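Below: one structure, written as structure tokens.
The values are calculated or read from the model by the stated rules, or taken from the named source; none is laboratory data. Bear in mind the structure is a predicted one, so any value in this text is a computation, not a measurement. Here the Cβ is made from the backbone with ideal geometry for all residues, glycine too, and neighbour counts use every protein chain on show. The area values use the complete protein model at the heavy-atom level, side chains included, leaving out ligands, DNA and RNA. Shrake-Rupley method; radii C 1.70, N 1.55, O 1.52, S 1.80 Å.
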Amino acid sequence: IPLVSREVTKDSVLTLSDGSKQKILKGSNLFVCYYLLNMDSEIWDEPKKFKPERMEDIKDLQSVKHGFLPFSYGVRSCVGNVFAFVEGQMAVVHLLQHFKLEPQKGFRPKATIGISTVLQNGMRIKMV
């Protein structure tokens, strides 16, 4: 889906890239082109390059304020979001069917206990 329409819920003022202002009235339809947003060089450094590390410093990746919306956002998000997640799980299943996981020698995980237990330094494993 190249773009979606959303109804504006309150009067707003949008600042354009040239610094000018555009008033958007409540009830207006606003069209959002996700491709242009996700490929905007004013938001992303080298947007057409595959650089997953660009997401490492984003604390709240679920927030729309960071400008990356590959599957839309909210209650009307793309059903492909769930499909992509399930595909990722299936890839892991296929890897685990053919490989064995072993801990990396000398690695000591550091656990943090909160609502759930997580590792501060990740988990280093190898596939054999």
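How do ARG54, ARG108 rank by accessible surface area computed with a 1.4 Å probe, from largest to smallest? Walk me through the numbers before you get to the answer.
Values: ARG54 60, ARG108 185 Å².
Largest accessible area first, the residues go ARG108, ARG54.
Give the aspartates and glutamates reachable from LYS48 as a straight Cα distance under 12 Å; neighbours fewer than 8 places away on the same chain don't count.
ASP40
Of LYS48, LYS100, which has the most accessible area with a 1.4 Å probe, and how do the rest follow in descending order? Could you put the intermediate results ahead of the total?
Numbers: LYS48 160, LYS100 125 Å².
Of LYS48, LYS100, the descending order of accessible area is LYS48, LYS100.
If ligands, DNA and RNA are left out, what is the accessible area of GLU46 with a 1.4 Å probe, given in Å² to the nearest 10?
80 Å²
Could you sort ILE113, ILE125, ILE24 by accessible area so the largest value comes first, with the probe set to 1.4 Å?
Working: ILE113 140, ILE125 90, ILE24 30 Å².
Per-residue accessible area, sorted high to low, gives ILE113, ILE125, ILE24.
In region 1-56, which chymotrypsin sites (Phe, Trp or Tyr not before Pro) fall in coil by DSSP and have 12 or fewer other Cβ atoms within 10 Å? Display every interim value, and only then the final one.
On the way: sites: PHE31, TYR34, TYR35, TRP44, PHE50; in loops: TRP44, PHE50.
Those satisfying the criteria are PHE50.
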